[in-house]
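The values are calculated or read from the model by the stated rules, or taken from the named source; none is laboratory data. The model shown is predicted, which means the values in this text are computed figures rather than measured ones. Glycine gets a Cβ as well: all are built from the backbone with ideal geometry, and neighbour counts include every protein chain shown. Protein only, heavy atoms only, side chains kept; ligands, DNA and RNA dropped before computing areas. Shrake-Rupley method; radii C 1.70, N 1.55, O 1.52, S 1.80 Å.
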Amino acid sequence: MTAVAAVAAAAVGAVALPAAAADHHPGRARAAVFISNVQYDSPGRDDRSNRSLNREWVDVTNSTRRVVNLDGWTLEDEDGHTYTFDHFRLEGRSTVRVHTGIGRDSHTDVFQDRRNYVWDNYSDTATLRNDRDRFVDEVSWGRHHDHRGGDHRHGGDHRGGHRH
């Protein structure tokens, strides 16, 4: 009888683990493209040098195996500073880093070509929209939220927004 109970407990544990993991980040696995990381306070002195500006960035990740055409997609802050992706295709299972300063675009890094900081160090929201201006994802930090890493609200099936 104890062997049967042990097998049953193991089966219940195996079933319970994926459900608990899925509940921890609901919808994350289904989000095809999302903001995966933000460096809103560039390390070192904020001297507006191109080096400092480029140390401020947002990572956009494609979690699918398919290429996603980001042409016309936008990344915007609360003040309306907007970066528009131009003829950019994000490979499957890859990330592009959107730097604030000036630089040469590649398949892993693109540049907003700005001479001033975009992301507020104390409180801001990075919002990603597709080429039809539909909400895709956002990350907020500062006065809106308690922890430095920022909060996510994903689009798609979770339009009402979820926070983790």
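To keep it simple, each residue is scored yes or no on (1) out of contact with any strand residue (DSSP E or B) (no Cβ under 7 Å at 6 or more places or on another chain); (2) open to solvent by 30 Å² or more (accessible area, probe 1.4 Å); (3) over 19 Å from Phe135 (Cβ atoms); (4) modelled with pLDDT under 95.
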| position | (1), (2), (3), (4) |
| --- | --- |
| Val33 | no, no, no, no |
| Val38 | no, no, no, no |
| Arg45 | yes, yes, yes, yes |
| Arg55 | no, yes, yes, no |
| Leu90 | no, no, no, no |
| Gly103 | no, yes, yes, no |
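Applying a threshold of 6 Å to beta carbon distances and a minimum spacing of six or more residues, or different chains, the list of pairs starting in the range 68-83 at a residue that is on the phi > 0 side of the Ramachandran plot and ending at one that is among the charged types (D, E, K, R) reads Gly72/Asp131. Do you know which of the residues in the range 73-88 that are part of a loop (DSSP other than H, G, I, E, B) and open to solvent by less than 30 Å² (accessible area, probe 1.4 Å) is farthest from Phe135 (Cα to Cα)? Here the residue is Phe88. Within the range 113-122, the set of residues being touching a residue at least 40 places away in the same chain (Cβ under 8 Å) and either open to solvent by 20 Å² or more (accessible area, probe 1.4 Å) or among the small types (Gly, Ala, Ser) (or both) comprises Arg114, Arg115, Asn116, Tyr117, Asp120, Asn121. Mind listing whichever residues of the range 89-133 are assigned to a strand (DSSP E or B) and of a type in the set (D, E, K, R)? Matches in the range 89-133: Arg89, Arg97, Asp109, Asp124, Arg129.
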